Each structure stands twice: as C-alpha cells, then as structure tokens.
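Here's the structure we're looking at; comments come further down.
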C-alpha cells in the first residue's frame with residue numbers, strides 16, 4: 001500500500017499536533033501508522049490537462065450532453081455549422097448511474113453519477129464495441145461540459161470526471177470545462193473550441209428553440225386525438241430544424257467598410273455589430289419555425305377532457321433531463337393523464353442575468369480598490385456612479401434583447417407557450433420566504449415558481465424534482481413548508497431522485513396527482529354547469545368548427561380557472577352565446 005499523504009500543516013498549527021492527529025486517525029481506522037507519510041510542504045495542484053488546440057479540430061470529435069435530446073440535437077447542428085465534429089451522448093440511463101458509482105467517489109449526487117457514468121459508458125462503447133484503441137479515443141475525442149464554483153457538488157464535477165476516467169482506464173482523456181464565471185478553461189495556445197459570437201448566438205438560439213419545442217409538445221400531447229402523432233411531428237420537426245441550424249451562416253462585414261476597419265484594428269467589432277443587427281432583424285430562423293408551427297397545428301386535439309396541469313420545477317438537471325435520471329417523470333405524468341408545463345433553460349439564463357443586475361445595485365457606490373471618496377471629491381463619486389450605470393445599462397439591454405428573441409421564437413411557434421417569467425416579480429414573491437441573495441442552485445426561484453404558478457392560476461400542482469441530498473434544493477424545500485402553510489389550496493410535492501426508488505417516487509406522485517385530478521374535474525364541472533350548455537352541445541359546436549380542434553388555437557386565460565379543458569369550455573360557450581345559439585336544455 002503506498003503512503004497516504006497528509007495535507008499540509010495549517011498555518012499556525014504546531015507540527016506535533018498534526019502528527020498526533022495522524023496517529024489517532026490511523027489507530028481509529030486500523031491502519032499502520034507507517035503508511036501515513038506526513039509532508040508539511042505538499043499542496044494540491046490541479047492535474048495537468050492536455051489542451052484541445054485548433055490544429056486538432058479536423059480529427060477531434062467533441063462530445064457533449066446534459067440537456068434534453070431536443071436541445072442536444074439542435075446544439076449538434078450549431079457545432080456542425082461551425083465546422084466542428086460533434087456527437088451527442090446518449091440520454092443517461094440506470095446503467096450509466098451504476099457505472100458512475102463504480103468508477104467515482106461515494107456520496108455524490110444523482111446528476112454526478114448519471115453524467116459521469118454516461119461519459120465513461122460511451123467511451124467503453126467506443127473501445128469495446130466499435131474497436132477503437134484507448135489511445136485513439138484519448139487523442140480524437142474531447143468532452144465539453146459546464147462547470148460551476150457553486151456551493152453544491154456541481155462545483156466538483158470536473159474532479160469527478162477526471163477520477164472516473166482515470167479509474168476506467170482513460171486517464172489521458174480531455175475534459176473541456178466552461179465555467180459559469182470565468183469562461184473556458186484552456187491553455188494559452190489557440191483553442192480548439194473557439195467561443196466566438198457565432199457559437200454563442202447559435203447556442204442560445206438552439207436552447208430557446210429546444211425549450212419551446214419541449215413545452216409545445218407537452219401542451220399538445222395530452223389532448224391529441226391520434227396517440228403518438230405529436231411525437232411523430234416533433235421528431236420530424238427536430239430533424240428539419242437540425243438542418244436549419246447546421247446550414248445557418250451568420251453574416252460578416254465585407255467590402256470597403258471591412259477593409260477600413262481592418263486597417264484600424266476593429267474588424268472584429270464590425271463583424272460583431274453586423275451579426276447583432278442580423279440577429280435582431282433576420283427571418284432565417286423565424287421562418288422555419290413558422291413552418292414547424294404549421295406541422296404541429298395539423299394535429300387534431302380534443303380539449304373537452306379535463307386534465308390536471310402540473311408545473312415541473314426543482315434542481316436544474318433533474319427538472320430538465322428526460323429519462324431515468326428523473327424516473328422518466330414526464331412520460332409517467334402524461335401516462336397518468338396530466339398536462340405538464342416543462343421548465344425552460346431560458347429561466348436559468350434570465351436568472352443569471354438578473355443576478356448580474358442586482359450585484360452592482362447592492363454594491364452601488366462601493367469601490368474595493370480605493371477608499372470611500374470624501375464629501376468634497378465630486379469627481380470620484382461621479383466615476384463610481386458612472387461605473388455602476390454603465391454595467392447596469394449593459395446588463396439590462398442584454399436581458400431585454402434576450403427576452404425579445406425568446407418571444408420572437410415563441411410567437412413563431414404559435415404563441416401558446418409561456419413567456420419567460422419576470423425576475424423582479426419572482427424576487428417579490430419569494431423574498432419573504434427565501435432570501436433572494438442566497439445563491440446556489442436556483443436560489444429563491446423554486447419558492448417563487450411554486451407561488452407564481454399557483455396564485456396566477458396556471459397549474460393545479462407543482463412538482464419539484466431534485467437529486468438525493470441536493471443542498472440548495474433541500475434548503476428550498478424547508479422554506480416551502482411555510483409557503484404551503486400560507487397558501488392553503490396549494491398542491492406542492494418535492495421528489496428526490498436517485499438511481500433507485502422509482503416505484504416509491506411514482507407512488508407519491510400518484511397520490512398528489514389524485515388530488516390535482518379531483519381539483520381539475522371539480523373546476524371543469526363547475527365551469528360547465530355555469531356556461532349554460534351541455535357537454536354534448538359544446539362538442540357538437542367544436543365538431544362544426546375545425547379551428548377549435550387545432551392545437552395552436554389560442555384559448556384565453558380565465559381568472560380563477562386553471563385547467564385547459566375548463567378554459568376551453570368557457571371560451572366555446574362565449575362564442576356560442578355571441579352567435580345567439582340557445583341550449584336545448586334551456587329550451
């Protein structure tokens with residue numbers, strides 16, 4: 001057994017105390033003290049990472065994953081449009097979870113085991129089934145993933161990937177980490193993955209489209225007349241949009257203006273301005289989305305069957321993934337007769353932009369690099385204020401542009417999906433229960449969304465999915481008890497996921513869903529009884545008006561009415577009254 005390294009002696013702690021502690025630990029654990037080699041000068045260093053460089057692009061495949069299949073397919077199109085070789089990892093399954101546990105550390109969270117094990121499992125497939133040598137895989141594949149410095153175990157993902165890869169025999173395999181704060185972690189050589197404006201514009205556009213495709217399909221699927229038709233249209237539309245992203249080329253500045261800016265060293269800024277203006281005005285993405293909307297609108301639906309509306313929230317990965325990682329919860333809910341509202345990644349992006357707004361506001365007038373200006377130092381005070389307003393205006397502009405682009409995509413797909421929630425309203429709703437400056441995970445958003453979707457009459461039930469032991473989401477669950485106590489009619493259910501426990505989780509969801517179903521049916525019957533028409537008369541009118549059987553037909557919101565079927569019956573009854581149609585029962 002090799003000697004065990006004891007960490008460096010903490011500053012100010014006598015060496016004999018460290019040695020005594022090492023002997024005590026060895027005795028408690030039944031170890032031979034000679035295996036404990038104390039080195040007070042030894043410090044941890046980040047392992048050396050072989051870089052992915054520009055000259056390696058033609059023969060290197062970028063692997064990525066972590067979203068839904070719809071998001072990943074569109075992002076794959078973005079990579080291909082920029083000339084990269086890229087492949088999407090399969091959706092993580094229970095086998096990937098077990099692989100992650102086998103090669104990783106103990107005590108990690110659910111997403112860690114699934115995502116780490118999924119990568120190892122795919123590399124083993126390349127080696128054992130496709131016949132590639134380990135050296136070929138290490139030299140011709142890299143993995144691109146997000147990182148974090150947050151308070152949860154997500155901040156340790158990079159170390160977990162490296163440990164599992166080493167234990168599985170892929171020690172030289174490269175992991176490219178994009179930090180939420182700090183950007184891409186690579187060497188100083190020209191990077192193999194260039195984080196250009198084209199990449200970011202394409203990535204954000206793909207995420208937005210993926211969000212809205214997921215939500216649109218979830219709206220239609222419970223009411224489709226021919227089972228499976230929504231999935232077929234979604235699959236065909238996804239491949240069509242993949243080709244749109246793959247063939248998309250953002251413009252560049254050309255001509256005399258380009259030559260002039262080249263001479264003064266501002267060609268890149270000119271290109272960025274052209275791309276930005278093109279993003280705001282072009283129809284190259286909106287037009288294909290309108291075509292997709294037509295395909296979805298050809299699906300026949302029957303909205304006269306009451307179904308409970310369930311809003312999905314929780315930890316980012318658990319609420320986003322669509323597979324074994326969250327017990328296939330989306331499919332399960334729909335099989336149980338629920339209409340689900342998926343959570344868009346756009347909310348997370350908006351939350352990060354909101355955080356960049358509030359930080360300067362909270363620290364307004366402070367400058368850590370200099371003492372506070374005296375009352376007579378007007379110039380210094382103005383400079384502090386100028387820095388604050390500059391950053392605030394830029395972030396506000398970025399947020400407005402992002403929301404505008406999301407709404408353009410949303411309207412192109414028919415306008416039935418929900419807009420991005422207002423972050424200031426989220427803060428107002430949640431701050432009393434969960435301090436809005438407490439970061440980690442989704443912070444106060446889980447509490448805010450529970451209140452928002454309930455009191456706004458958007459969902460009958462809120463289901464929060466999170467990994468076992470997820471610290472930020474567990475904190476949020478503690479606050480939710482006060483929320484549920486305040487809003488007595490709220491149906492809120494937190495579900496912790498792991499590689500096991502699927503039957504128990506589904507059973508708990510069924511119990512809460514039973515209450516939501518009862519609420520949806522009661523609401524539907526109440527609306528029907530008060531509309532002045534029978535259900536048969538409503539359905540007969542719908543049969544004579546084909547537009548009412550189209551999924552993109554806009555059903556107005558009714559104050560105090562949540563269910564799609566109840567709102568639909570209310571709307572159809574209003575149309576019938578406006579046309580002077582009398583109920584046979586009334587006659």
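The values are calculated or read from the model by the stated rules, or taken from the named source; none is laboratory data. What you see is a predicted model, and the numbers here were worked out from it, not measured in a lab. Here the Cβ positions follow ideal geometry from the backbone for every residue, glycine too, while neighbour counts run over all protein chains shown.
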What number of residues within the stretch 491-511 satisfy the criterion of being assigned to a loop (DSSP other than H, G, I, E, B) and modelled with pLDDT under 95? 4
Could you tell me which numbered condition residue 413 fails, if it satisfies all but one of (1) buried (at least 17 other Cβ atoms within 10 Å of the Cβ); (2) touching a helix residue (DSSP H, G or I) at 6+ places or on another chain (Cβ under 7 Å); (3) closer than 30 Å to residue 110 by Cα? (3)
Here's a check for you: in the stretch 321-349, which residue that is farther than 14 Å from residue 309 by Cα and under 11 Å from the mean Cα position of the chain (by Cα) is surrounded by the most Cβ atoms within 10 Å (Cβ to Cβ)? 321
For residue 366, the lone unmet condition from (1) closer than 16 Å to residue 318 by Cα; (2) at pLDDT below 95 is (1)
Hits in the stretch 81-111 (condition: under 24 Å from residue 318 (Cα atoms) and in contact with a strand residue (DSSP E or B) (Cβ under 8 Å, 6 or more places away or on another chain)): 87, 88, 89, 109, 110, 111
All positions within the stretch 244-258 that are touching a helix residue (DSSP H, G or I) at 6+ places or on another chain (Cβ under 9 Å) and part of a helix (DSSP H, G or I): 244, 245, 246, 247, 257, 258
Expected single match for buried (at least 17 other Cβ atoms within 10 Å of the Cβ) and either in a helix (DSSP H, G or I) or free of Cβ contacts under 8 Å to residues at least 60 places away in the same chain (or both) among 291, 283, 215 is 215
Could you tell me which residue of the stretch 188-212 is modelled with the lowest pLDDT, considering only residues that are touching a strand residue (DSSP E or B) at 6+ places or on another chain (Cβ under 8 Å) and assigned to a loop (DSSP other than H, G, I, E, B)? 189
Do we find a residue being surrounded by fewer than 19 Cβ atoms within 10 Å (Cβ to Cβ), at positive phi and either assigned to a helix (DSSP H, G or I) or over 25 Å from the mean Cα position of the chain (by Cα) (or both) anywhere in the stretch 519-534? yes
Would you pick out the residues in the stretch 70-105 that are more than 22 Å from the chain's Cα centre (by Cα), surrounded by fewer than 20 Cβ atoms within 10 Å (Cβ to Cβ) and closer than 22 Å to residue 167 by Cα? 95, 98, 101, 102, 105
Given the structure, is residue 393 at pLDDT below 75 and either outside the structural domain of residue 215 (by TED's automatic domain parsing) or more than 16 Å from residue 346 (Cβ to Cβ) (or both)? no
